[in-house]
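The values are calculated or read from the model by the stated rules, or taken from the named source; none is laboratory data. Quick caveat: nothing in here was measured; it's all calculated off a predicted structure. Note that each Cβ is placed from the backbone with ideal geometry, even for glycine, and that neighbours are counted across all protein chains shown.
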Amino acid sequence: MSGQDELATLDATATAELVRKGEIGAMEVVEAAIARIDRRNPALNAVITRMDEIARAQATDVDVSAPLAGVPFLLKDLVAEHAATPLGEGSRFLTDRYVSPADCELVVRMKRAGLVMVGKTNTPEFGLLPTTEPAVRGASRNPWDTGRTTGGSSGGSAAAVAAGMVPMAHANDGGGSIRIPAACCGLFGLKPTRGRNPMGPSYGDAGSGLAVEHAVTRTVRDSAALLDATAGPAPGDPYWAPPQAGPYADEVGRDPGRLRIAASCKPSTGVDVHADVRVAFEATVKLLQDLGHDVVDAEPTFDRDVMLRAFARSWTAFANWAIKDWARKLDLEIAEADFEPNTWRMFENGERMSGGDYLMAIQDLQFISRQVAVFFEDHDAWLTPTIAVPPSPLGSFEWSDGKREQFLRRVGEYSGFTAIANGTGQPAMSVPLHWNDAGLPIGMQVIGRFGDEATLFRLAGQLEQAKPWADRRPAAA
């Protein structure tokens, strides 16, 4: 098999199988991906760092027996370090100031699995917003409608995968940053359990466990295969997820059985849910019932106001820490001119927060986690929309003092369903089951029990078979 267009239709699992069989070489696969990036990226601004020569060098030394041998892959320009490449994290504070001295543990495992790194993708400043429109790099554009957001903070990765540049790409998630762009771009996006993937050696965790690492993919089996390759603790990790019972790749085609699934369409932020999203939610409830599951109108009981306040304080502290951490690493002075207005406001708020305030926020999130865990003793999963609206027009997240309420409402539309899983550490996935009449994707979120990605992969595989999505292609692909 050959040809750029043909290769662009394959998922990572199928691509690696061709490489293993010798039907195509890793170099041919990588060159085709580089050519697709050349053609498709200018319209989308998804890839912001090219690694063409590094990729070619890696392609000459691929272990063809590796599970993802020769698969071209993109790293999000946030947290994941690749030796001898710049890391900017969407901020002018870091741009052109830092080159990674070595691979982080996650990238070591990804390369060991056979992935070939072809570039890095766009992200909002320090991954703080649910849209990918950084001032320093410019906005990434959604392949389904280039006037709309890709979501964030893994929006560059999602745009690249949706447009067929690569079959999957690295993503991380501190408040929805895997699931939100997956929903906006019509992809599958799994946020693993807290501690499932390593964040070392630089970090033990991020945001006291709010943030996790994984990917956005077109198919469920690709997400499972990658997690099999990367999951597990590294020496010195402060904690880790419960060991998996077996390969996640084996779970994808397995019958999930008759699940008891809670369903609710009320975001914790109290914002209105768009009519198109409600239609998609109701259709998903019916699909699950048709598949034999018991779907009940229910949701965990916890104080939404306490959760939002605790999460906001934790996120503010996270932003403050991110800036101070880089300033210490690079011996830089912190100045307002180096940051976007919203980032700077969060930094200043963090300066006013006491250590006790932060620890009480973590205490509140941990208490809520216990309440939610009790709910999952009687429910196998919890269905919600991923976000409350279809992908918004670019510019919708503009920050200024005069637009503060509009900005907060927009953030609430995007994080109102997702943030709880970051607070509790539970696995959660966005599944691309619907497109509205305007041709925009609408994702549905399913949250699972702590440590139970297996049930999510089984259910996702069943949904993918019942209502396939991977062959849908946006106009910009």
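When residue 160 is tested against the conditions (1) more than 25 Å from residue 455 (Cβ to Cβ); (2) in contact with an Asp or Glu (Cβ under 7 Å, 6 or more places away or on another chain); (3) in a helix (DSSP H, G or I), the lone failure is (2). Among the residues making up segment 130-140, those that are buried (at least 24 other Cβ atoms within 10 Å of the Cβ) and not small (Gly, Ala, Ser) are 130, 131, 132, 133, 134.
Kindly check whether there is at least one residue in segment 264-273 that is in contact (Cβ under 8 Å) with a residue 24 or more places away in the chain and touching a Cys at 6+ places or on another chain (Cβ under 7 Å). The answer is yes, given that some residue of segment 264-273 is in contact (Cβ under 8 Å) with a residue 24 or more places away in the chain and touching a Cys at 6+ places or on another chain (Cβ under 7 Å). Of all residues in segment 277-316, those satisfying the criterion of being crowded, with 18+ Cβ neighbours inside 10 Å and charged (D, E, K, R) are 299, 313.
Remark: pairs (first residue in segment 337-366, surrounded by 13 or more Cβ atoms within 10 Å (Cβ to Cβ); second residue of a type in the set (Ser, Thr, Tyr); Cβ separation under 6 Å; 6+ apart in sequence or on different chains) = 346/316; 349/316; 350/316; 361/314; 362/208.
Residue-by-condition table, conditions (1) touching a strand residue (DSSP E or B) at 6+ places or on another chain (Cβ under 7 Å); (2) modelled with pLDDT of 95 or more; (3) closer than 18 Å to residue 136 by Cα; (4) small (Gly, Ala, Ser):
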| site | (1), (2), (3), (4) |
| --- | --- |
| 298 | yes, yes, no, yes |
| 301 | no, yes, no, no |
| 306 | no, yes, no, no |
| 311 | no, yes, no, no |
| 322 | no, yes, yes, yes |
| 354 | no, yes, no, yes |
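Of the residues in segment 38-51, at least one is under 22 Å from the mean Cα position of the chain (by Cα), under 16 Å from residue 167 (Cβ atoms) and part of a loop (DSSP other than H, G, I, E, B).
Residues that are touching a Phe, Trp or Tyr at 6+ places or on another chain (Cβ under 6 Å), assigned to a helix (DSSP H, G or I), modelled with pLDDT of 95 or more and under 23 Å from residue 382 (Cβ atoms) occur at least once in segment 246-253.
Looking at 395, 402, 461 in this structure, which one is among the small types (Gly, Ala, Ser), surrounded by fewer than 24 Cβ atoms within 10 Å (Cβ to Cβ) and either part of a strand (DSSP E or B) or without any contact (Cβ under 8 Å) to a residue 12 or more places away in the chain (or both)?
Details: 395 fails: either part of a strand (DSSP E or B) or without any contact (Cβ under 8 Å) to a residue 12 or more places away in the chain (or both); 461 fails: either part of a strand (DSSP E or B) or without any contact (Cβ under 8 Å) to a residue 12 or more places away in the chain (or both).
That would be 402, the only listed residue that is among the small types (Gly, Ala, Ser), surrounded by fewer than 24 Cβ atoms within 10 Å (Cβ to Cβ) and either part of a strand (DSSP E or B) or without any contact (Cβ under 8 Å) to a residue 12 or more places away in the chain (or both).
Consider residue 364 carefully, then state whether it is assigned to a helix (DSSP H, G or I) and acidic (Asp, Glu). It is true that residue 364 is assigned to a helix (DSSP H, G or I) and acidic (Asp, Glu).
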